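For reference, the structure is listed below as C-alpha coordinates.
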Amino acid sequence: MPDGALGGGLRRPRGSQMIRGVTLDAGDLFSPRARLRPSGEIGVFNGVNSFVASGEVLYRFTEDDQPAIPYVGTGLSLAGHESCGTDPSCPAIWLNLVFGFELHYRSTFNWLLEYHAMDALRHNRIYIGLTTRRGN
(Lines give C-alpha, C1' and ligand atoms only; values in the text may rest on other atoms or scores of the structure.)
Protein backbone atom coordinates (compact mmCIF):
# COMPACT_ATOMS: atom_id res chain seq x y z
CA MET A 1 0.00 0.00 0.00
CA PRO A 2 1.48 3.41 -0.94
CA ASP A 3 2.03 6.25 1.50
CA GLY A 4 0.12 9.50 1.10
CA ALA A 5 -0.94 12.82 2.52
CA LEU A 6 -4.05 14.96 2.40
CA GLY A 7 -3.89 18.63 3.21
CA GLY A 8 -5.11 22.14 2.64
CA GLY A 9 -4.17 25.71 3.26
CA LEU A 10 -4.51 29.36 2.34
CA ARG A 11 -2.72 31.23 -0.42
CA ARG A 12 -2.37 35.01 -0.02
CA PRO A 13 -0.49 36.63 -2.93
CA ARG A 14 -3.62 38.23 -4.49
CA GLY A 15 -6.39 37.89 -1.94
CA SER A 16 -7.09 34.63 -0.19
CA GLN A 17 -7.67 31.38 -1.96
CA MET A 18 -8.46 28.06 -0.29
CA ILE A 19 -6.26 25.30 -1.69
CA ARG A 20 -7.03 21.61 -1.19
CA GLY A 21 -4.60 18.97 -2.31
CA VAL A 22 -3.68 15.33 -2.21
CA THR A 23 -0.23 13.77 -2.54
CA LEU A 24 0.68 10.13 -3.05
CA ASP A 25 4.07 8.60 -2.36
CA ALA A 26 3.93 6.20 -5.30
CA GLY A 27 6.98 4.24 -4.17
CA ASP A 28 10.67 3.71 -4.74
CA LEU A 29 12.38 4.46 -8.03
CA PHE A 30 15.91 3.04 -8.21
CA SER A 31 16.51 3.14 -4.42
CA PRO A 32 14.40 3.28 -1.23
CA ARG A 33 15.58 6.88 -0.82
CA ALA A 34 14.43 8.03 -4.29
CA ARG A 35 10.65 8.33 -4.37
CA LEU A 36 8.09 9.16 -7.05
CA ARG A 37 5.38 11.54 -5.82
CA PRO A 38 2.38 12.61 -7.93
CA SER A 39 0.05 15.26 -6.46
CA GLY A 40 -2.86 17.50 -7.31
CA GLU A 41 -4.52 20.57 -5.87
CA ILE A 42 -7.55 22.72 -6.53
CA GLY A 43 -7.81 26.40 -5.56
CA VAL A 44 -11.24 27.97 -4.99
CA PHE A 45 -12.76 31.26 -3.69
CA ASN A 46 -11.50 34.83 -4.15
CA GLY A 47 -10.29 34.67 -7.73
CA VAL A 48 -10.33 32.30 -10.64
CA ASN A 49 -10.64 28.65 -9.65
CA SER A 50 -7.37 26.86 -10.45
CA PHE A 51 -5.84 23.39 -10.62
CA VAL A 52 -2.32 21.99 -10.49
CA ALA A 53 -1.26 18.39 -11.24
CA SER A 54 2.37 17.57 -10.37
CA GLY A 55 4.85 14.75 -10.71
CA GLU A 56 8.00 14.97 -8.60
CA VAL A 57 11.00 12.88 -7.66
CA LEU A 58 12.22 13.22 -4.06
CA TYR A 59 15.52 12.14 -2.56
CA ARG A 60 15.33 11.26 1.15
CA PHE A 61 18.67 11.74 2.95
CA THR A 62 17.97 9.10 5.62
CA GLU A 63 16.14 5.78 5.84
CA ASP A 64 12.42 5.72 6.73
CA ASP A 65 13.10 4.37 10.25
CA GLN A 66 14.97 7.51 11.40
CA PRO A 67 13.33 10.08 13.74
CA ALA A 68 13.84 12.88 11.16
CA ILE A 69 13.83 12.36 7.40
CA PRO A 70 15.03 15.41 5.40
CA TYR A 71 14.44 15.40 1.65
CA VAL A 72 14.81 17.47 -1.51
CA GLY A 73 13.19 17.07 -4.90
CA THR A 74 12.17 18.47 -8.24
CA GLY A 75 9.49 17.92 -10.82
CA LEU A 76 6.97 19.41 -13.20
CA SER A 77 3.40 20.65 -12.84
CA LEU A 78 0.59 21.19 -15.27
CA ALA A 79 -1.29 24.29 -14.06
CA GLY A 80 -4.56 25.69 -15.31
CA HIS A 81 -7.60 27.69 -14.32
CA GLU A 82 -11.29 28.10 -14.96
CA SER A 83 -11.90 28.92 -18.67
CA CYS A 84 -8.49 27.47 -19.56
CA GLY A 85 -9.76 26.53 -23.02
CA THR A 86 -10.01 30.19 -24.06
CA ASP A 87 -6.56 31.20 -22.72
CA PRO A 88 -3.70 30.47 -25.18
CA SER A 89 -1.15 30.31 -22.34
CA CYS A 90 -3.18 27.70 -20.46
CA PRO A 91 -2.36 25.11 -19.28
CA ALA A 92 1.15 26.07 -18.22
CA ILE A 93 4.07 23.79 -17.38
CA TRP A 94 5.85 24.74 -14.16
CA LEU A 95 9.24 23.67 -12.77
CA ASN A 96 9.01 22.78 -9.05
CA LEU A 97 11.55 22.53 -6.21
CA VAL A 98 10.79 20.79 -2.92
CA PHE A 99 12.62 20.99 0.43
CA GLY A 100 11.26 19.42 3.59
CA PHE A 101 11.44 16.88 6.34
CA GLU A 102 9.27 14.38 8.14
CA LEU A 103 9.37 13.79 11.88
CA HIS A 104 8.45 10.37 13.24
CA TYR A 105 5.11 10.44 15.09
CA ARG A 106 3.73 6.87 15.07
CA SER A 107 4.31 3.77 12.96
CA THR A 108 1.57 4.91 10.57
CA PHE A 109 1.99 8.72 10.71
CA ASN A 110 4.77 11.30 10.38
CA TRP A 111 4.67 15.06 10.85
CA LEU A 112 5.55 16.94 7.67
CA LEU A 113 7.06 20.39 7.12
CA GLU A 114 7.74 21.28 3.49
CA TYR A 115 8.56 24.28 1.33
CA HIS A 116 7.31 23.88 -2.22
CA ALA A 117 8.49 26.39 -4.85
CA MET A 118 6.43 26.15 -8.03
CA ASP A 119 6.72 27.79 -11.46
CA ALA A 120 10.45 28.60 -11.03
CA LEU A 121 9.81 30.33 -7.64
CA ARG A 122 6.78 32.38 -8.79
CA HIS A 123 4.34 30.40 -6.59
CA ASN A 124 5.26 29.20 -3.11
CA ARG A 125 3.60 26.82 -0.67
CA ILE A 126 4.42 25.78 2.87
CA TYR A 127 2.87 22.49 3.92
CA ILE A 128 2.47 21.49 7.56
CA GLY A 129 0.59 18.36 8.45
CA LEU A 130 0.53 14.61 8.84
CA THR A 131 1.51 12.01 6.29
CA THR A 132 0.21 8.46 6.35
CA ARG A 133 2.84 5.76 6.44
CA ARG A 134 2.89 2.03 6.00
CA GLY A 135 2.69 0.41 9.43
CA ASN A 136 5.24 -1.96 10.92
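Numbers for the structure displayed
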{"read-out": "Segment 23-41 residues that are assigned to a loop (DSSP other than H, G, I, E, B), paired with ones that are open to solvent by less than 30 Å² (accessible area, probe 1.4 Å) (beta carbon under 7 Å, 6 or more apart)", "value": "Ala26/Arg37; Leu29/Arg35; Arg33/Arg60"}
{"read-out": "Selection status of Val72, among the hydrophobic types (A, V, I, L, M, F, W, C) and exposed (fewer than 15 other Cβ atoms within 10 Å of the Cβ)", "value": "yes"}
{"read-out": "Segment 46-59: number of residues that are open to solvent by less than 80 Å² (accessible area, probe 1.4 Å) and either assigned to a loop (DSSP other than H, G, I, E, B) or touching a residue at least 24 places away in the same chain (Cβ under 8 Å) (or both)", "value": "9"}
{"read-out": "Some residue of segment 107-117 being touching a residue at least 40 places away in the same chain (Cβ under 8 Å), outside any strand (DSSP E or B), in contact with an Asp or Glu (Cβ under 6 Å, 6 or more places away or on another chain) and open to solvent by less than 80 Å² (accessible area, probe 1.4 Å)", "value": "no"}
{"read-out": "Selection status of Thr62, surrounded by 14 or more Cβ atoms within 10 Å (Cβ to Cβ), β-branched (Val, Ile, Thr) and outside any strand (DSSP E or B)", "value": "yes"}
{"read-out": "Cβ pairs under 8 Å, 6+ apart, first in segment 61-74 and closer than 14 Å to Leu112 by Cα and in contact (Cβ under 8 Å) with a residue 12 or more places away in the chain, second in a strand (DSSP E or B) and of a type in the set (Phe, Trp, Tyr)", "value": "Ala68/Phe101; Ile69/Phe101; Pro70/Phe101; Tyr71/Tyr59; Tyr71/Phe99; Tyr71/Phe101; Val72/Tyr59; Val72/Phe99"}
{"read-out": "Tally, over segment 124-136, of residues that are touching a His at 6+ places or on another chain (Cβ under 8 Å), under 19 Å from Pro38 (Cβ atoms) and open to solvent by 30 Å² or more (accessible area, probe 1.4 Å)", "value": "1"}
{"read-out": "Among residues of segment 88-105, those that are more than 19 Å from Ser39 (Cβ to Cβ) and in a strand (DSSP E or B), counted", "value": "3"}
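Conditions tested, residue by residue: (1) more than 20 Å from Met18 (Cα to Cα); (2) exposed (fewer than 13 other Cβ atoms within 10 Å of the Cβ); (3) in contact with a His (Cβ under 9 Å, 6 or more places away or on another chain); (4) not hydroxyl-bearing (Ser, Thr, Tyr).
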residue: Arg37; (1), (2), (3), (4): yes, no, no, yes
residue: Val44; (1), (2), (3), (4): no, no, no, yes
residue: Thr86; (1), (2), (3), (4): yes, yes, no, no
residue: Ala92; (1), (2), (3), (4): yes, no, no, yes
residue: Leu97; (1), (2), (3), (4): yes, no, yes, yes
residue: Arg122; (1), (2), (3), (4): no, yes, no, yes
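The values are calculated or read from the model by the stated rules, or taken from the named source; none is laboratory data. Everything quoted here is computed from the prediction, not taken from an experiment. Heads up, the Cβs are rebuilt from the backbone with ideal geometry, glycines too, and the neighbour counts pull from every protein chain shown. To get the accessible areas, we keep the full protein, side chains included, count just its heavy atoms, and leave off ligands, DNA and RNA. Shrake-Rupley method; radii C 1.70, N 1.55, O 1.52, S 1.80 Å.
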